[in-house]
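Undergrad: To start, I am sharing the structure in question, which I have written as structure tokens.
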Amino acid sequence: MKRSVRMGIDVGGTHTKAVAIDNETHKMIGEPSVVKTTHDDPRGVAAGVVQSFETCLKQNNITPDEVVFVAHSTTQATNALIEGDVAPVGVIGMAKGGVEGFLAKRQTRLDDIQLDEKKSIKIYNEFLPLKQCSEANIKQVIEHLKAKGAKVLVASMAFGVDEGGPEAAVAKVAKEENIPITAASEITKLYGLTRRTRTAAINASILPKMLDTANSTEASVREAGVKVPLMIMRGDGGVMEISEMKKRPVLTMLSGPAASVMGSLIYLRASNGIYFEVGGTTSNIGVIKNGRPAIDYSIVGGHKTYISSLDVRVVGDAGGSMIRANKNGVIDVGPRSAHIAGLDYAAFTDPSTIKNPHIEFFSPKEGDPDDYVKLVNEDGSAFTITNTCAANALGLVEPKYFSYGNQESCRKGIQVLADYCNTTVEDIATQIMEKAFGKVEAIYNELVEKYQLEKDQTTLVGVGGGAAALVPYFSNKTGVKYSIPEDAEVISSIGVALSMVRDVVERIVPNPTAEDIRSIKAEASNKAVESGATPESVDVHVEIDQQTNKITAIATGSTEVKTADLSKNATEEEALEIAATDMRLKPEQTKLEMSDAYFYVFGGPHKGDDPAEPVRIVDKKGFIKVQRGRAMALKTKAKNYVTAMKQLWEDMAVYQPENIARPDFYLCLGARVMDFSSTDFEQLQLLTDLEVDSLEPDDDMIIVAANVDQL
């Protein structure tokens, strides 16, 4: 039988990696294809995408007609903004007359958007009152902006999220004039005219660059004989068809880290974690909560936008980070990496070539401190010490990991610095790891606090080639367990290959009704279908922010009607072992509280008189869907679920001096676990009713309520 193959391509700063995944088993086929990222090619990174794709097909004997899905991440949007490779933007502000027009004219008049001290997005402004919004006047305004130097346009109208007709009219004329344009209401449906306009301007500024790359990549993939739609990774962890990316390229910002996270989720048997994507130069650190990556609005030029992407912290502390030192020992690690300095790691150097090395201090790049460590052999060849070398010298890296290097070489290299500092190899290696740990500990603590993670319920997830150089040491220091998935060095490509289509709709709706929520859910579902998902596969998760009245509907779906299961069914005994291990308990301390056709619910020992207990919801495939340290579970019929939920609402409440902390709820609805939270029971029921309505009155339901352990 002909195979069904999913192709995933991750574009990194140094390498572009392609993997082939069997669509039935979700196992990798053969070997990944790795090529240098083609930054300097006339076609840009698209050349490397196609090269790695074609090589992967050839070396694994895959025919184009076997490919059912192909997607790639891209650094293009992020790099364009970092490097200032952006087009000048003409902004056409629009509004009615009177006070509304006066305010809108000010709010749509943007200053240049600074990207760094020397680079910015050039902005030219015009204003068009709605009563003058004729085709002739629109053409005249466009000509004025082109004469000023605008290469792309933005149409942004006051209350355009409610009535987008005028923006669409400007877009129609712009397309006839053959100038790229972004309508602000197509990027976001949130109010906040200045922020919406700025977000649209950022999107417009990268349109020419992204369109060239997208068209080149799409044409080359078609030439290779692949007929399925080409998907692009979004910065929030989903994928969208390339036709959608051509309209909203800004959504691909941070798609590289997003690919790593989605790859981690495929293999991670846990719902809560801090992930470390450790490369050679930088580490990206973020959160997985309730089985989903934490998302926030990106900041560009010091301004918040409406661009949703992973909430990632980037730190110059990674596998290849070089060492700064003096006579007293290690001063710092990074941010400069061995790769940027053009030096090999001691860890990957043949020990027989290390002959009578001496230490030199230098500045890798102009403006860098001059105390970076370089080791020079008697023949003039040079290498350096990195975090990876220190971890290997201390025996912290297991042979199965990509970061595993030659311990003898590491110790020989570090010995030179140890002699200079009049100490031992172990001391220097430990100093290095302590400096590396210090840089990420503060970020870890900040994320734990921001997302209210329970540390004892959290897993560290290491991905990227340098993961084993940092994560095990961090785990030892904090006592937080860790996991480095199989194939961690190509996890980004795997994440791209296995990602779902994703789209988001956000609205400000005070006191929303059930009909409001249904409408927003339907809109999100339709957008996911437009982005490439099949209607049958789309699932929508709704969140309500009570402080801002913002409703967020997140729609996910697959490009096929049926997606394969990742693993075989787990028996009750196997699921119990998984839950017990995750709770750090012996199997005999763990008990099955309840189960249904799709899930097991396991509990651990109670603390004193507290009726709550540690809880794990494990699906029948053996994946942990919910992990909470203090929770209660009930099994009920759908027709009685509100009564059960009210009971848990009261039983799990935590009374504090100034307020009452209400529990989070998890509902097992068929094969889905859906999470809900609210400080208002009526609003909570409004959300849950919409989902429970799909069940028959006598269908079984499992409800879990959980609160942070504050006893």
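The values are calculated or read from the model by the stated rules, or taken from the named source; none is laboratory data. Not measured: the values here are computed from a predicted model. Cβ: placed from backbone, ideal geometry, glycine included. Neighbour counts: every protein chain shown. For accessibility, only protein heavy atoms count, side chains too; no ligands or nucleic acids. Shrake-Rupley method; radii C 1.70, N 1.55, O 1.52, S 1.80 Å.
Undergrad: Looking only at segment 517-537, filter to residues that are among the charged types (D, E, K, R) and in contact (Cβ under 8 Å) with a residue 40 or more places away in the chain; which one of those is surrounded by the most Cβ atoms within 10 Å (Cβ to Cβ)?
TA: Among those that are among the charged types (D, E, K, R) and in contact (Cβ under 8 Å) with a residue 40 or more places away in the chain, it is Lys521.
Undergrad: Out of segment 509-547, which residues are of a type in the set (S, T, N, Q) and farther than 30 Å from Val68 by Cα?
TA: Of everything in segment 509-547, those that are of a type in the set (S, T, N, Q) and farther than 30 Å from Val68 by Cα turn out to be Asn511, Thr513, Ser519, Gln546, Gln547.
Undergrad: Shifting gears a bit: Out of everything in segment 341-357 that is open to solvent by 60 Å² or more (accessible area, probe 1.4 Å) and under 17 Å from Cys389 (Cα atoms), what residue ends up being modelled with the lowest pLDDT?
TA: Per the criteria, the residue is Gly342.
Undergrad: Here's a follow-up. Assuming Ile331 fulfils every condition listed in (1) among the aliphatic types (A, V, I, L, M); (2) at pLDDT 85 or above; (3) open to solvent by less than 40 Å² (accessible area, probe 1.4 Å) apart from one, which condition is it?
TA: That leaves (3) as the condition not met.
Undergrad: Among the listed residues Gly263, Gly235, which satisfies the condition of being outside any helix (DSSP H, G or I), closer than 30 Å to Gly622 by Cα and not polar (S, T, N, Q)?
TA: Of Gly263, Gly235, the one residue that is outside any helix (DSSP H, G or I), closer than 30 Å to Gly622 by Cα and not polar (S, T, N, Q) is Gly235.
Undergrad: With respect to Gly12, determine if the residue is touching a residue at least 12 places away in the same chain (Cβ under 8 Å), surrounded by fewer than 24 Cβ atoms within 10 Å (Cβ to Cβ), closer than 20 Å to Ser499 by Cα and out of contact with any Lys or Arg (no Cβ under 7 Å at 6 or more places or on another chain).
TA: Taking the combined requirement at face value, the residue satisfies it.
Undergrad: Still on this model: Got a sec? Which of Gly319, Gly286 is touching a strand residue (DSSP E or B) at 6+ places or on another chain (Cβ under 7 Å), crowded, with 24+ Cβ neighbours inside 10 Å and within 22 Å of Val416 (Cα to Cα)?
TA: Gly319
Undergrad: Same structure, new question: Any chance segment 59-69 includes a residue that's open to solvent by less than 40 Å² (accessible area, probe 1.4 Å), touching a helix residue (DSSP H, G or I) at 6+ places or on another chain (Cβ under 7 Å) and of a type in the set (A, V, I, L, M)?
TA: no
Undergrad: Take segment 595-611 and flag every residue that is of a type outside the set (Asp, Glu) and at pLDDT below 90.
TA: Correct list: Ala597, Tyr598, His606, Lys607, Gly608, Pro611.
Undergrad: Output the qualifying pairs, or none if there are none: Cβ atoms under 8 angstrom, residues six or more apart or on different chains, first residue in segment 428-441 and in contact (Cβ under 8 Å) with a residue 40 or more places away in the chain, second residue of a type in the set (D, E, K, R) and outside any helix (DSSP H, G or I).
TA: Matching pairs, first to second residue: Lys435/Asp332; Ala436/Asp317; Lys439/Asp317; Val440/Asp317.
Undergrad: For segment 277-285, check the following and say yes or no: at least one residue is at positive phi and of a type in the set (Gly, Ala, Ser).
TA: Just the residues of segment 277-285 that are at positive phi, to begin with: none.
Within segment 277-285, not a single residue is at positive phi and of a type in the set (Gly, Ala, Ser).
Undergrad: Next question, about the same structure. Which pairs do you get when a residue that is more than 18 Å from Ala631 (Cβ to Cβ), found in segment 651-671, comes within reach of a residue that is surrounded by 13 or more Cβ atoms within 10 Å (Cβ to Cβ) and of a type in the set (Phe, Trp, Tyr), reach meaning Cβ atoms under 7 angstrom, with the pair 6+ apart or on two chains?
TA: Final answer for the pair search is Gly670/Tyr598; Ala671/Tyr598.
Undergrad: Can you report the number of residues in segment 574-600 which are of a type in the set (Asp, Glu) and either open to solvent by less than 80 Å² (accessible area, probe 1.4 Å) or touching a residue at least 12 places away in the same chain (Cβ under 8 Å) (or both)?
TA: Residues in segment 574-600 being of a type in the set (Asp, Glu) and either open to solvent by less than 80 Å² (accessible area, probe 1.4 Å) or touching a residue at least 12 places away in the same chain (Cβ under 8 Å) (or both): 4 in total.
Undergrad: OK, next. For segment 310-350, give me every one of the strands (runs of 3 or more DSSP E) that falls completely inside it and has 3 or more residues that are among the small types (Gly, Ala, Ser) and touching a residue at least 60 places away in the same chain (Cβ under 8 Å).
TA: none
Undergrad: Any idea which of Val529, Val509, Val504 is of a type in the set (A, V, I, L, M, F, W, C) and under 30 Å from Gly462 (Cβ atoms)?
TA: Going through Val529, Val509, Val504 in turn, the sole match is Val504.
Undergrad: Of the residues in segment 382-434, how many are in a loop (DSSP other than H, G, I, E, B), open to solvent by 40 Å² or more (accessible area, probe 1.4 Å), of a type outside the set (D, E, K, R) and within 15 Å of Tyr473 (Cα to Cα)?
TA: Final tally of qualifying residues: 4.
Undergrad: Evaluate segment 463-476: report whether one residue or more is touching a residue at least 12 places away in the same chain (Cβ under 8 Å), open to solvent by 50 Å² or more (accessible area, probe 1.4 Å), under 20 Å from Ser271 (Cα atoms) and within 22 Å of the chain's Cα centre (by Cα).
TA: No, segment 463-476 contains no residue that is touching a residue at least 12 places away in the same chain (Cβ under 8 Å), open to solvent by 50 Å² or more (accessible area, probe 1.4 Å), under 20 Å from Ser271 (Cα atoms) and within 22 Å of the chain's Cα centre (by Cα).
Undergrad: Quick check: anything in segment 51-68 closer than 19 Å to Ile232 by Cβ and in a loop (DSSP other than H, G, I, E, B)?
TA: In the first step, residues of segment 51-68 are kept if they are closer than 19 Å to Ile232 by Cβ; the result is 51-54, 56, 67-68.
Checking the rest, the ones that are also in a loop (DSSP other than H, G, I, E, B) come to none.
No.
Undergrad: For segment 240-254, check the following and say yes or no: at least one residue is in a helix (DSSP H, G or I), open to solvent by 10 Å² or more (accessible area, probe 1.4 Å), among the acidic types (Asp, Glu) and modelled with pLDDT of 80 or more.
TA: yes
Undergrad: So, one more: For segment 36-50, give me the residue count where each residue is assigned to a loop (DSSP other than H, G, I, E, B) and without any contact (Cβ under 8 Å) to a residue 60 or more places away in the chain.
TA: The number of residues fulfilling the criteria is 6.
Undergrad: So, in segment 144-179, how many residues would count as being within 28 Å of the chain's Cα centre (by Cα) and at pLDDT below 95?
TA: So in segment 144-179, the residues within 28 Å of the chain's Cα centre (by Cα) come out as 154, 161.
If we keep only those that are at pLDDT below 95 too, we end up with 161.
The qualifying residues number 1.
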